[in-house]
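Notes follow once the structure below has been shown.
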Amino acid sequence: MSTSWFRPALPALSGLLAANASAGESARRALLRWLVGGTAAAGLPALGRAASRPGVAARTLLVLGDSLSAEYGLRRGAGWVELLAQRLAARRPPWQVVNASISGETTAGGDSRIAPLLERHRPAIVVIELGGNDALRGLDLSATEANLANIARATRVSGARALLLGMQVPPNYGRPYADAFAALFRRVAEREKASLLAFFLDGVADRPELFQPDRIHPNENAQPRLLDNVWPALRPLLDQDR
């Protein structure tokens, strides 16, 4: 799968990396802010619309993600998670969608938040969209895998079903790293009995017109495609509650 969504940004990225090497920690932090699309405040968690009906208890679907799910740079209500909530509004039994995504989130951050989120919302399904920022920051892949496994395991132990959204990295990371990154999602899904979508940005990553000016975050026109990517993997989990 092509990962050309990164290529227009590579010259700027290279310059920032050089500045990081000479300017120290403050430059590194500036680089990370640029990579993840701003601070967490730019993509605060939002609740999707509840799809409840009078007299029928709504089941809860929790989305734990980063800026790709937190509507970074989009109109409120235009992201794929809100589109999902709208699609679920007509289903029986009803579903409530809780979006616990935060721009800049890493797998470590998700791991630290999953237990209280499960306790508070008691979801039947958890969609895990994390890992991209780990790669952008060059974090140890074994830690990324362990964090995702912890999240998926906590979800399973709680009685909920997990859907893991896989990510890929661009070729400039090197083939060994790219292959190892993609493989960790498969291992976690198999080991923790989670469902897996191989590549969340399939059909989007190689289309520059579907990205915001930063060439990293999908724009509003890309959001229906992201939902269409998720839906075939998610629908069987929803149907288990029919």
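The values are calculated or read from the model by the stated rules, or taken from the named source; none is laboratory data. This is a predicted model, so every value here is computed, not measured. So basically every Cβ, Gly included, is an ideal-geometry build from the backbone, and we count neighbours across all protein chains shown. Surface accessibility is based on the protein's heavy atoms, side chains included, excluding ligands, DNA and RNA. Shrake-Rupley method; radii C 1.70, N 1.55, O 1.52, S 1.80 Å.
Couple of notes before you dig in:
- Extent along principal axes [Cα atoms of the range 117-242; Å; largest to smallest]: 39, 33, 24
- Residue separation of ARG175 and ARG75 scaled by 0.36 nm, minus their Cα-Cα distance, works out to 32.4 nm of gained length.
- ASN147 sits among other residues whose Cβ lies under 9 Å from its own Cβ, and their net charge, with Lys and Arg +1 and Asp and Glu -1, is -3.
- Dipole of the range 100-208, positive end: most advanced residue of LEU196, ALA143, THR106 [Cβ charges, Cα centre]: LEU196
- Applying the Kirkwood pairwise sum to the alpha-carbon positions of the range 124-167 produces a hydrodynamic radius of 10.9 angstrom.
- Separation between Cα centres of the range 102-178 and the range 208-238, rounded to whole Å: 18
- Residues with amide H under 5 Å from that of PHE211, placed H, sequence gap 5 or more: ASN219
- The residues neighbouring LEU210, those whose beta-carbon lies less than 14 Å from its own, together hold a net charge of -3 under the Lys/Arg +1, Asp/Glu -1 convention.
- Prolate/oblate/rounded label for the range 174-242 (Cα gyration tensor, a/c 1.5): oblate
- Under the Karplus curve 6.51 cos²θ - 1.76 cosθ + 1.60, θ = phi - 60°, whole-Hz ³J(HN,Hα) for the range 134-147, x wherever Gly or Pro sits: 4, 5, 4, 8, x, 6, 4, 5, 5, 5, 4, 5, 5, 5
- Proportion of all alpha-carbon pairs of the range 69-160 beyond 18 Å (%): 51
- Among the protein heavy atoms of the range 101-159, carbon and sulfur supply 51% of the accessible surface, probe 1.4 Å, non-protein parts ignored.
- Local electrostatic count, PRO123, Cβ distance below 10 Å [Lys/Arg +1, Asp/Glu -1]: +4
- Contour excess over end-to-end distance, with Cα ends at LEU141 and ASP214 and 0.36 nm allotted per residue: 23.8 nm
- Residue-normalised accessible area of the range 123-182, given per residue in Å² at a 1.4 Å probe: 34
- Computed accessible area, ARG235, all protein chains, 1.4 angstrom probe, square angstrom: 120
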